[in-house]
1. Note down the nm distance, to one decimal, between modelled labels 7 Å out along Cα→Cβ at residue 204 and at residue 227.
2. How much of the DSSP bridge set in the chain is antiparallel, in percent, rounded to the nearest 5?
3. What are the ³J(HN,Hα) values, in whole Hz, obtained from phi via the Karplus relation 6.51 cos²θ - 1.76 cosθ + 1.60 with θ = phi - 60°, for each residue of the range 15-31 in sequence order, with x given for Gly and Pro?
4. Can you compute the helix-only [θ] at 222 nm over the chain? Use -39500 (n - 2.57) per DSSP H run of at least 4 residues, normalise by all residues, nearest 500 deg cm²/dmol.
5. Please compute, for the alpha-carbon atoms of the chain, the extent along each of the three principal axes and give them in descending order in Å.
6. Take the Cα gyration tensor of the range 194-236, multiply each eigenvalue by 5, square-root it, and list the three semi-axes largest first, rounded to whole angstrom.
7. Could you grab the relative contact order for the chain? Cα pairs under 8 Å, six or more apart, rounded to a whole percent.
8. Can you tell me what percent of all Cα-Cα pairs in the range 21-124 are more than 16 Å apart?
Amino acid sequence: MTTQQENPTLGYFVPGELMFAFESATAASGMMGRSVADTSRAFISYLESRNLLPDGGFDLSLEQGTRIFRAVAPMVDRPDRASVLLKLKLANPRVLPGYLERVAAGVTSDAARTTFSDEPRLLAVSPNWFVGASQGGIGTGGPGTTPTPAMRAGEFKLSFMGDVPAASNGAAPDVFILDTLPPIEEAKDGWRIRDVIRDKSAFSAHPLGRALSEPLQPNPDGGMRSADGTLTMIQVEELGPDLFAGLKDVGGHPLYAAHHPAYDMSDHGLFIAGIIRQIAPRSRIHLVQVLNEYGVGTLASIAAGFEYVARSLRNGALAGPVIVNCSFTLALPLPGETGNPRRPGHSMVMLDQTVAKLIGAAEYLASVRRLFRTLAPFGLDATRCIVVAAAGNDSSPEAIQPARFPAQADFVLGVGALARASDIGSSAGQPRASYSNLADNPQSDGLMVLGDLEGVFTQQFPGNTPNPLGFARWAGTSFATGVVSALIARLCTDQGMMPSQARDYLRNLPQGVTSESEEIVLVEQG
């Protein structure tokens, strides 16, 4: 347990690290056969030919097993070519602002080229932004509240489900939750979730608690799975080496938050998995660790999670619909956001002026959108796949903030949060949660759904509060996102819809809109 105190170091991204997305003339199968070191050297040679090397070059001394990350996927519109994501560390981190400006101009120049031979082509460049679902501070705005003990996880009421005729051909979807992972201990009969629950009788009756009450077994395709085979857990070490490197300074202070972490959030992903299991019990859930115990990762760690999903799709193991739940946001500041007490000091002026000017430009935001197409090309396959992401919890009663990335990406369904009407004495349906950002960009593309929920929680509560029953009440757009992922999964199984059809069905429900034109989906839990 760490008490909250002012952080002496603040940051938006891992110092000196950059993510490059580029198009290779080589097909993905050929690129995958190359080592990370060979890929990085070939790409650096290309940058050198374009006079785009940074002063001091890149630090390749850590090639052996650590900090260079690479992901490869076929181009969506050119299967004979590959899109490649590569993380490189500057030998001199202080040159990043000026270098970022120069290489971003190179991206613009490459985008204008209509013909090219076997050279790579730059698609996007970005700092290795911090990514978080964590509480408070720079880039990690939520959850909207801290978890508190609950007696149970109430049943969900989905009044609109009765309006659609049931289908007998609905396929059980695979739902990937890219998030935190709870501590796991080895036991004589497998692995078990480390928990402090005093009375497991109610917990073991919950559909997810029941699966977690049995030992986890080895999964043939990696990671661990529940005895019934419906829950898979993938630890970050299986995605790539050292993906959580760079989250602290030399003094051990977290670089990503205005305050030191206030509590362990290891159960953030498990809480979302419980929501999905309640609403869509036939779904196969894959909990993939891309965030650390404080709910924070980097652009590289979530890229590794996306690559895991893409690899699962390519190997043919997934036959039905695929839903990717992203209950996190990038620390990238956005034009139009205003200062508020939920994100102390979060504004463009805290960045180097060169970086602030660059990321405020429309072309840079277009580059970020291209970057997400490289990160998650499967998201463009609307017939099978959908990506659902949290809008963020950075708002206050004084100012509603824009949806953050990845919710803003053009192929992603963004989700904002509604409060429980009973909490503010309203009888006019579920009001907007005060912490919720706009659902999407444009906001009318997003969905607003209940974000104040009860669910599975196996750890101690903040302040060393005991956990008697294994349930918590927690609020945030993270959990509203889990509800929307679950609703899409439920429509796929019960009504035979594909994810895009389920999304459109939810968008067109006649259940009202917010004052900011976001579509409301009324869901209750009680």
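Bear in mind that the values in this text are calculations on the coordinates, not laboratory data. Owing to the predicted nature of the structure, the values given are computational and were not obtained by experimental measurement. Cβ sites come from the backbone with ideal geometry, for glycine too, and all protein chains shown count toward neighbours.
1. Those two pseudo-labels are separated by 0.9 nm.
2. Restricted to the chain, the bridges split so that about 60 percent are antiparallel.
3. For the range 15-31, the Karplus curve yields x, x, 9, 10, 10, 10, 10, 9, 9, 9, 6, 7, 5, 4, 4, x, 5 Hz.
4. -7000 deg cm²/dmol
5. Computed over the chain, the largest-to-smallest principal extents equal 63, 52, 49 Å.
6. 21, 11, 7
7. 21 percent
8. Tail of P(r) above 16 Å: 58 percent of Cα pairs.
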